[in-house]
Amino acid sequence: MTSRPIPTGILITIAFLVLYSAGAFWLGWTERSWPTAAIGLVAAAAGIGAAMMLRWSRYLVYALAAAYAGEWLYSVYVSARVGYFALFSWPANLRGLAPGFLLMLAAAYCVYMAHRHFGARTTVSGRGLSVG
């Protein structure tokens, strides 16, 4: 049995999942929040699944990315609704939003890599054609 190397994009996704998991565990521990610690457990499972190149791990990556995007977008919405952005200039507001936006791009990259490497592929028998 030969093992094929893990693609670079998946290695980067695993690194983000490990960081996300560690951050969620730490936050869950310090804030005594078991739901946050459970998210860390899900991220750890997704990282292990991705490291083992298991196709089911893509669903966890999708869910984690969607949860992060939803939470970040909701916090931006609430901040705008209560007038937080009116306190500062637009350049200052954009600088404040940049880290969250960059993490959104990282989550989108992880979703793309999970879909690219673990997405559904079907083969038409006898023709060698693949879809996906």
Among what's in the range 49-97 and is in contact with a Ser or Thr (Cβ under 8 Å, 6 or more places away or on another chain) and among the hydrophobic types (A, V, I, L, M, F, W, C), pick the residue that is surrounded by the fewest Cβ atoms within 10 Å (Cβ to Cβ). 85
Which condition breaks for residue 117 when tested against (1) modelled with pLDDT under 95; (2) open to solvent by 70 Å² or more (accessible area, probe 1.4 Å); (3) in a helix (DSSP H, G or I)? (2)
May I ask you to verify whether residue 92 is over 23 Å from residue 16 (Cβ atoms) and either at pLDDT 95 or above or of a type in the set (A, V, I, L, M, F, W, C) (or both)? yes
Over the range 19-48, the set of residues buried (at least 17 other Cβ atoms within 10 Å of the Cβ) and over 17 Å from the mean Cα position of the chain (by Cα) is 28
Long-range neighbours under 9 Å by Cβ, at least six apart or interchain, first residue within 19 Å of residue 65 (Cα to Cα) within the range 7-33, second among the aromatic types (Phe, Trp, Tyr) and open to solvent by less than 60 Å² (accessible area, probe 1.4 Å): 10/118; 20/68
Only one of (1) aliphatic (A, V, I, L, M); (2) more than 16 Å from the chain's Cα centre (by Cα); (3) open to solvent by 80 Å² or more (accessible area, probe 1.4 Å) fails for residue 6. Which number is that? (3)
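The values are calculated or read from the model by the stated rules, or taken from the named source; none is laboratory data. Note that the coordinates shown come from a computational prediction; the quantities given were computed from them, not determined experimentally. Every residue, glycine as well, gets a Cβ built from its backbone with ideal geometry; the counts of neighbours run over all protein chains shown. Ligands, DNA and RNA are stripped out before the accessible areas are found, and what is left, the full protein with its side chains, is counted by its heavy atoms. Shrake-Rupley method; radii C 1.70, N 1.55, O 1.52, S 1.80 Å.
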